[in-house]
Amino acid sequence: MRTQVGIVGAGPAGLLLSHLLALRGIESVVAEVRSRGHCEARQRAGVLEDSSVRLLREAGLADRLDRLGLEHGGIYLQFAGQRRHLDFRDLTGGRTVTVYAQTEVVKDLIAKRLAAGGAVDFEVTGTVVDRLDTDRPVLSYTRADGSTAQIVCDVIAGCDGFHGICRPAMPDGVATIREREYPYAWLGILADVPPSTDELIYAYHSRGFALHSMRSPTLSRLYLQVDPDTSIENWPDERIWDELQQRFALPGWDLRQGPVLDKNITPMRSFVSTPMRYGRLFLAGDAAHIVPPTGAKGLNLALADVAVLAPALDGLLRGDSRLADEYSATCLERVWRATHFSWWMTTMLHRSPGADDMETELQLSQLRYVTTSRAAATSLAENYTGY
Ligand code: FAD
Ligand code: DHB
C-alpha cells in the first residue's frame, strides 16, 4: 500500500494535519490505537487562542465552534481574599480566547475527515515506523479486523502524543531532551452544573491551586492541585467539592455544585525534545513537547505545529525542502515561549510541598504585580491569548 503522508495518532495534531494536507491535494492515512468513541470522549483541554480559532475557521472547521464556542475577553486571578480581573481585549488591542473543548475539536475533525473519504484507521495495534532515513519510510500496523497494513510513504508525521512510538523511533543520540517535573498534579472534573463565573478563575490558595473553567452554559469544568502520588479513589465527589469550596471562597459569591460526570488526574511536566525532525519523520504536538496545563497551551501548540508542517510537507513533496528544513526551528520558537509562559504561570499559582514564607511572599508579590501593573498584565494577556 502507498500514501504520501503516514500519520500516527488521531489527536488534534494528526487529524488537523490530515485535513490541511487534503486541502492541498495531499493524500494521507491516519493510524490510531484508540477507538473513535474514546478519542471523542477523552476530557482534556478547553481554551483556544485567537490564532487557533482563525486557523480552524480558515480550514472550514468552525461551524460548531462558531455556534457553541464561548468567547472570553479575560480571566480572573484570585489570591489573598481578592478576585481581580484581567481584561485581555483592553490590554492587547482586542484579542480574546474561546472556550471550546478539545473533545469537540476532535469530533469536528473526525467528522470532516470521514465525510471527505479520508483514511482513518481506529483501534490499530503494533504500530511501527521504519526506514526513516530514506525517502520511502514505512508505517506498519495491524487493523482492528486483524489484517496488516504496510504503507510506503513519502513522509511520516509522528502525532502520537507523549507516550507514542515515533519519538523513540529516532536513533539514539538524535534527540536532546529538556525536562522538568512538578511536585503536583491536577485533578479535573466535568460537572453537570452551570458555571458560577462568566470568565475563568485561576485561584492561588494556601491549600493549593484551583481553576474554574467551563464547557457550556450548563457544564462546568474545574481543576484542583493535588499530590502527584494521590489516586482518584482518594477523591470522592464530596471531598472534591469541599476542597473547591474552600479554595474559591469569596464573600458574596457562591460556587454551584452538581453531579460529577467525569474525573481524572493529570501529571504535570515541561518537556521539549529537539529537533522535531529526523530524516523523513516529523514530530508534532505532544509527541515533541509537553507543557503543564496552567495557561492552556498544549492543544494550541499542537494545532500551531501542524499549521507549519502542512505547507512544509507540501513543499517537500514538490521538491522544495526549504520550509521542511526550517520546520523544527520555526516551531520551537513558539514552543519555548509557551514552555516559559506555562512554567511561569504554574510556579506563580501552585503551592510547592513544604513551601516556606519566602516562596509564598514572592508568589503573592508577583500576583499583585500582574494585577496592578499594566505592563505586567499586558505581558500575561499577550502570552495567554497567543504569542
Ligand atoms: P494527543 O491528543 O495525545 O493525540 C495523540 C494520539 O496518538 C492519541 O489519540 C493516541 O491514542 C494516539 N497514539 C498514541 N500512540 C499511538 C500508536 N502507537 N499508534 C497509533 N496511535 C497512537 N492541555 C491544556 O491546555 N489544558 C488541559 O486541561 C489539558 N489536560 C490534559 C489532560 C491529559 C490527561 C492529557 C494527556 C493532556 C492534557 N492537555 C491539556 C494537553 C492537551 O490535551 C494536549 O497538548 C493535546 O492533546 C495534544 O494533541 P496531540 O494531537 O499532539 O496529542
Ligand atoms: C482549561 C484547561 C486549562 O489548562 C486552562 O489553563 C484553562 C482551561 C479547560 O480545560 O477548560
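Here, each number is a calculation from the coordinates, and none is a lab measurement. Quantities reported herein were computed from a predicted structural model and do not represent experimental measurements. Heads up, the Cβs are rebuilt from the backbone with ideal geometry, glycines too, and the neighbour counts pull from every protein chain shown.
Between the helical axis of 298-317 and the dominant principal axis of the chain, each derived from Cα atoms, what acute angle in degrees is found, rounded to the nearest 10?
Its long axis makes an angle of about 20 degrees.
Along segment 184-197, what does the Karplus equation 6.51 cos²θ - 1.76 cosθ + 1.60 (θ = phi - 60°) give for ³J(HN,Hα), rounded to whole Hz, x for Gly and Pro?
Residue by residue, segment 184-197 yields 7, 9, 10, 9, x, 10, 10, 10, 7, 7, x, x, 8, 8 Hz.
Give, in nm to one decimal, the length gained when the segment between Leu23 and Arg180 is fully stretched (0.36 nm per residue of separation minus the Cα-Cα distance). Provide the component values of the computation, followed by the final result.
On the way: separation 157, 0.36 × 157 = 56.52 nm, distance 3.77 nm.
Length gained between Leu23 and Arg180: 52.8 nm.
What are the ³J(HN,Hα) couplings of segment 286-291, residue after residue, when phi is run through the Karplus curve with 6.51, -1.76, 1.60 and θ = phi - 60°? Round to Hz, x for glycine and proline.
Result, ordered by residue: 4, 4, 10, 7, 10, 10 Hz.
Determine the distance separating the Cα centre of segment 149-188 from the Cα centre of segment 121-146; give it in Å without decimals.
Segment 149-188 and segment 121-146 have Cα centres separated by 15 Å.
Per residue of segment 265-279, what does 6.51 cos²θ - 1.76 cosθ + 1.60 with θ = phi - 60° give for ³J(HN,Hα)? Whole Hz please, x for Gly and Pro, Karplus curve as stated.
Karplus-based 3J(HN,Hα) across segment 265-279 equals 10, 10, x, 10, 8, 9, 7, 9, 10, 10, x, 8, 8, 9, x Hz.
Relative contact order for segment 32-119 using alpha-carbon pairs under 8 Å, separation at least 6, rounded to a whole percent? If you can, show how the numbers build up before the last one.
On the way: 93 pairs, mean separation 33.5, N = 88.
Reported relative contact order: 38 percent.
Straight-line reach only, C-alpha to C-alpha below 17 angstrom: list the aspartates and glutamates that Lys112 could link to, leaving out same-chain residues fewer than 8 apart.
Cross-link targets: Glu27, Glu32, Glu40, Glu58, Asp63, Asp66, Glu104, Asp121.
Could you tell me how many degrees, from 0 to 90 and to the nearest 10, lie between the Cα long axis of helix 12-23 and the main elongation axis, the longest principal axis, of the Cα atoms of the chain?
It is inclined by approximately 50 degrees.
May I ask you to sort His205, His85 by Cβ crowding, counting other Cβ atoms within 10 Å and putting the fewest first?
Values: His205 20, His85 15.
Ordered from fewest to most neighbouring Cβ atoms within 10 Å, His205, His85 come out as His85, His205.
Using the alpha-carbon atoms, what tilt in degrees (0 to 90, nearest 10) does helix 374-385 show relative to the longest principal axis of the chain?
40
Among all the lysines, which ones have a C-alpha under 27 Å from Lys263's C-alpha, if same-chain residues fewer than 8 places away are not counted?
Lys107, Lys297
Using the alpha-carbon centroid of each, what span in Å lies between segment 222-251 and segment 1-71?
That distance is 32 Å.
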